[in-house]
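The values are calculated or read from the model by the stated rules, or taken from the named source; none is laboratory data. What you see is a predicted model; the values in this text were computed from it and never measured. We place every Cβ from the backbone using ideal geometry, glycine too, and count neighbours over all the protein chains shown.
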């Protein structure tokens, strides 16, 4: 059986009863985190644009647009909800040969689960399976160095999750993968140089295509096969050949990947999380940021190539570039003593004070830090030399929220409250959290969506 078929067989056979309690608990925590991120981004201008476009294409349907009380088709709801979820760059991460944001799969799972009348258990099962597929693909092959975006693995995970929730058998689920992968490969240009709004929409679009592919497969449409191993398939065109032992996946002899994913404490690309902690520690040793003469950020290869090699990182013109810039993120942590969504405001991006400070920042790859990545964390070292010649340096290997230093339920709820402040009443927030923490007991997911409606 080819790879698409083996993955389809795995996902369609995944059952809630076979998922261990820790994985269920962590999956619910990721749903809480993802929905908080989505509601938090509700009023952002790019999200308003996407919502207007989606509802202009189809107003009415079986799937909710988060925060609005309005509905559209499952694929379009997947897109706008997925864009919301990803916009702040605050949702979870998985780092391996290829980096990813597995909670991007939650948007298609929510949209299709609602449209199919699925239960909370079925939603959790599909999301766990989607995480498993995407993370295992990330373990198997690095595609970013070949010029392709990590969301291409999301084509596989989202189409299979949608197929599972639609009740497709393994043969039709395989065709969903074939359709999704063959026609929708995304380029890495989305994360190079000056970053655009599409940075946060790339997976949302992949998942939209995954949901649409599953809908086509449900009605019998077939796709090119074998989509991975074929003469002009994924292995030859995108990833290079790799082996993937599905028999070692979670529930089949291996541990599920959900607990191995990383939650973000700060709204910034994950490779910068430990740099923020290091910068804040150094800041505590300074009399003030004006004392700094120079700032050196030493990082690992992924941190350098993703966040520190492009000249645009020193004068970011967009929010998307800034939250993927080690110079900017470290500079703002030193200047302000915090990183939050206001860090990336137009006022800060245009601030002469900020831009002057960024000229003091240098970013280098340290091979010793690269050798640690990712098994021992994602180390960053921040060193400040003061005008008087004093040197202050701090290295942080494992940031808060990493599986080696996980955030607890109270911290996750605190993050959720901060993101939804002014958008949900305290009573509605509490009701929503109660439902999400008990998601496996929810029979009608429409109740969850009702509680997500943002206050006028």
Against the condition over 27 Å from residue 96 (Cα atoms) and assigned to a helix (DSSP H, G or I), how does residue 334 come out, does it pass? yes
Count, please, the residues in segment 397-431 that happen to be free of Cβ contacts under 8 Å to residues at least 12 places away in the same chain and part of a loop (DSSP other than H, G, I, E, B). 3
Scanning segment 142-160 residue by residue, the ones that are assigned to a helix (DSSP H, G or I) and either modelled with pLDDT under 95 or within 15 Å of residue 206 (Cα to Cα) (or both) total 10
Select from segment 235-248 the residues that are over 19 Å from residue 12 (Cα atoms) and out of contact with any helix residue (DSSP H, G or I) (no Cβ under 6 Å at 6 or more places or on another chain) and list them in ascending order. 235, 236, 237, 238, 239, 240, 243
Among 225, 196, 239, 202, which is the only one that is in contact with a strand residue (DSSP E or B) (Cβ under 8 Å, 6 or more places away or on another chain) and modelled with pLDDT of 95 or more? 239
How many of the residues making up segment 1-59 are outside any helix (DSSP H, G or I) and either modelled with pLDDT under 95 or touching a strand residue (DSSP E or B) at 6+ places or on another chain (Cβ under 9 Å) (or both)? 6
Please work out if residue 62 is modelled with pLDDT of 95 or more, in contact with a helix residue (DSSP H, G or I) (Cβ under 6 Å, 6 or more places away or on another chain) and closer than 24 Å to residue 265 by Cα. no
Please go through segment 10-30 and pick out each residue that is over 21 Å from residue 416 (Cβ atoms) and buried (at least 19 other Cβ atoms within 10 Å of the Cβ). 10, 11, 12, 14, 19
Any hit, segment 125-141, residues being assigned by TED's automatic domain parsing to the domain that holds residue 252 and outside any helix (DSSP H, G or I): yes
Taking the stated definitions as given, is residue 309 part of a loop (DSSP other than H, G, I, E, B) and surrounded by fewer than 23 Cβ atoms within 10 Å (Cβ to Cβ)? yes
The number of residues in segment 432-446 that are at pLDDT 95 or above and part of a helix (DSSP H, G or I) is 9
Of the conditions (1) in contact (Cβ under 8 Å) with a residue 40 or more places away in the chain; (2) within 24 Å of the chain's Cα centre (by Cα); (3) part of a helix (DSSP H, G or I), residue 194 fails just one. Which one is it? (3)
